Amino acid sequence: MSDQNADDPAESKMIAYRYPDGSLTYPGHPRGPGGEEAIGTVDLSEYTAEVITWTTSTATPPGVRQPNHLAIVEFDVDGEPVRALGQLEEADVDIGDEVEPVYEAALRDPEAGIREPESQAWDGYRFRSVEK
């Protein structure tokens, strides 16, 4: 999930937290790897990432597309790595490919879940291959 205003995609952000030791985490956590509080944030949606690994799930939760292509990607933010897990737009990727985060207003069908659709956030990011 992302930190954004679902009504305004221009306001969407994929926020990673930076800690005093220089490390980054996504999603952000109240405490970093060294136990310290975050000192800032970085918007990962402004960066590209490298595909570390990927898979295709054919047994998806209700409302999630089938098949669902997923990847673990690694961003390089000023020499500091930060990894994220997310959907791919297509399965046509290889390990080492460059991808960019793309905001999606609905990563799943809100009507397919058991909770009230209005009580959940359904937006977030997918990863799209960057043209070589």
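Nothing in this text is a laboratory measurement; each read-out follows from the coordinates by a stated rule. Computed from a prediction, not measured in an experiment: that's the story for all the values here. Here the Cβ is made from the backbone with ideal geometry for all residues, glycine too, and neighbour counts use every protein chain on show.
Distance between the 7 Å Cα→Cβ label points at T48 and V64: 2.8 nm.
Using the average count of surrounding beta-carbon atoms within 10 Å as a protection proxy, the listed peptides 64-76, 25-37 rank, highest first, as 64-76, 25-37.
Applying a DSSP loop filter and a limit of 10 other Cβ atoms within 10 Å to the GluC sites (Glu not before Pro) in segment 97-132 leaves E131. Site pair E111 and E98 shows an inter-label distance of 4.1 nm when each label is modelled 7 Å from Cα along Cα→Cβ.
The magnitude of the dipole of the chain, with charges of +1 and -1 set on the Cβ of Lys/Arg and Asp/Glu and taken from the Cα centre, is near 460 debye. Couplings 3J(HN,Hα) of segment 29-42, computed from phi: 10, x, 10, x, x, x, x, 8, 6, 4, 10, x, 9, 9 Hz, in residue order, whole Hz [Karplus 6.51 cos²θ - 1.76 cosθ + 1.60, θ = phi - 60°; x for Gly and Pro]. Under 1.5 on a/c is rounded, so check that first for the chain, then, if it is not, pick prolate when a/b is larger than b/c and oblate when it is not; a ≥ b ≥ c are the square roots of the alpha carbon gyration tensor eigenvalues. Verdict is oblate for the chain. In a fully extended conformation the segment linking Q120 and S57 would gain 20.4 nm over its present Cα-Cα distance, using 0.36 nm per residue.
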